[in-house]
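> Please read through the structure below; I'll follow up with questions.
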Amino acid sequence: MILIRTQQVDKRLHTFSQDLAEWSGMPVAFVIDERNAAVDIPAGASKVSLTETACRALGLYCPKDFAWRCGDYGLYLARVAFPDCARFWLIESDVRIAGERPEEFFAILAGSGADLLSSFMGPASEDWFWYRAAANRDLGVHKCFFPVCRLTAAAIDRMLAVRQRHGRSWARRHFWPNDEAFVATTLIGEGWSYADLNAVGGTVYDPAEFHFESVFDGDSDLPADGPPRLFHPVLFSPALEAKRARLASRDGRKGRLGRLVEKLDRRLGLSALAYRINRSRPWAS
């Protein structure tokens, strides 16, 4: 089935969900951040409610930003809600599939039996933002890109078991890796089968069109010709302007004191201690 990760369901997203169901022949459900309040969905639609209570009931550690940081949490909740489903697509709400025949996207990838399908996968370099959060002794640090991925139920169950184990470690909780670091390090590192979305049946994403910084206007930028391919993020006003403003301002540097405190913490403080502990322990310990 297909899961759409979102905070709300507006008319555009509902239409996209109907398109996905038609193109793929799969049922679709929304994974909705309902930490603050229940979110209405269109009649006949399905949802998985993402709340701190539900996640803690599965033994998951929940930092303040877990709904953003840990997209994999929705997969664990979906496993409970849909126990007979063998494979789950997880697609973020600001993804779109464009081209002359977007429905071919799922046909291109249907032949892969990999436990993990994602993009930009492989070993992470030490300058990657989440590298320190996933440090370990035995598996190395791996990365992927999470807006579009597909995982088997067995892989999701394994990920949950490792997340639960990490939640009992102070050093792991101190950093708490995001979905992209955690999922890739666990599955690639442990030898589960995986494949890049572009390596199955043809190119379905271009880094210039499918990247954190490649912002598209959903009202005008998506092509109606060519092969099916992914676009992300695709936004509509006023969210479009807000995203562009955040990207333009993100280069602002911390003040001198803030930089000094962070540097000391990384070298001598709790972060330094947690990093040393995590590097000395196996990933799944």
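The values are calculated or read from the model by the stated rules, or taken from the named source; none is laboratory data. Since we're looking at a predicted model, the values are computed, not measured. Every residue, glycine as well, gets a Cβ built from its backbone with ideal geometry; the counts of neighbours run over all protein chains shown. Ligands, DNA and RNA are stripped out before the accessible areas are found, and what is left, the full protein with its side chains, is counted by its heavy atoms. Shrake-Rupley method; radii C 1.70, N 1.55, O 1.52, S 1.80 Å.
> Between SER46 and TRP68, how high is the FRET efficiency from 1/(1 + (r/R0)^6) when r is the Cβ-Cβ distance and R₀ = 22 Å? Nearest 0.05. Write out the running numbers ahead of the final one.
Working: r = 22 Å, r/R0 = 1.02.
Once rounded, the FRET efficiency stands at 0.45.
> Counting only DSSP beta bridges with both residues in the chain, tell me the antiparallel percent, nearest 5.
Values: 13 of 33 bridges.
Of the beta bridges lying entirely in the chain, close to 40 percent run antiparallel.
> Also, I was wondering about something else. Taking the highest mean first, how do the peptides 188-197, 270-279 order by number of other beta carbon atoms within 10 angstrom per residue? Don't jump to the answer; show the numbers that get you there.
Details: 188-197: 18.2, 270-279: 15.8.
Descending mean neighbour count gives 188-197, 270-279.
> Just how large is the dipole of the chain about the Cα centre, in debye to the nearest 20, putting +1 at every Lys and Arg Cβ and -1 at every Asp and Glu Cβ? Mind dumping the intermediate values first?
On the way: 37 positive and 35 negative charges, 406 e Å.
Charge dipole, the chain, about its Cα centre: 1940 debye, nearest 20.
> Follow-up question, since we're still on this one. Taking a probe of 1.4 Å, how large is the accessible area per residue of the range 1-95, in Å²? Intermediate results must be reported in sequence, preceding the final value.
Working: 4540 Å² over 95 residues.
In whole numbers, the range 1-95 has 48 Å² accessible per residue.
> Please give every one of the aspartates and glutamates within straight-line cross-link reach of LYS243, meaning a C-alpha to C-alpha distance under 16 Å, and leave out same-chain neighbours fewer than 8 residues apart.
Straight-line reach from LYS243, under 16 Å: GLU92, ASP94, GLU209, GLU213, ASP217, ASP219, ASP221, ASP251.
> Another one. Probe radius 1.4 Å, ligands and nucleic acids ignored: give me the carbon and sulfur share of the accessible area of the range 59-128 as a rounded percent.
Numbers: 1460 of 2910 Å².
Whole-percent figure for carbon plus sulfur exposure: 50.
> For an R0 of 51 angstrom, estimate the FRET efficiency from the Cβ-Cβ distance between ASP84 and ARG137 and round to the nearest 0.05. Could the numbers behind the result be given before it?
Working: r = 37 Å, r/R0 = 0.73.
Taking R0 as 51 Å, the efficiency between ASP84 and ARG137 is 0.85.
> Picking from PHE16, CYS70, ALA29, whose Cα lies most toward the positive end of the charge dipole for the range 15-86 (charges on Cβ: Lys, Arg +1; Asp, Glu -1)?
About the Cα centre, the residue reaching furthest to the positive side is CYS70.
> Compute the distance in nm between two label points, each set 7 Å from the Cα along the Cα-to-Cβ direction, one at LYS243 and one at GLU126.
Between LYS243 and GLU126, the simple spin-label model gives 3.4 nm.
> Using θ = phi - 60° and the Karplus form 6.51 cos²θ - 1.76 cosθ + 1.60, what ³J(HN,Hα) does each residue of the range 68-85 get, whole Hz, x for Gly and Pro?
8, 6, 10, x, 5, 4, x, 5, 5, 5, 5, 4, 6, 6, 10, x, 8, 7
> Could you bin all the Cα-Cα distances of the chain into 10 Å bins starting at 0 and give me the percent of pairs in each, rounded to whole numbers?
6, 27, 35, 25, 7, 1
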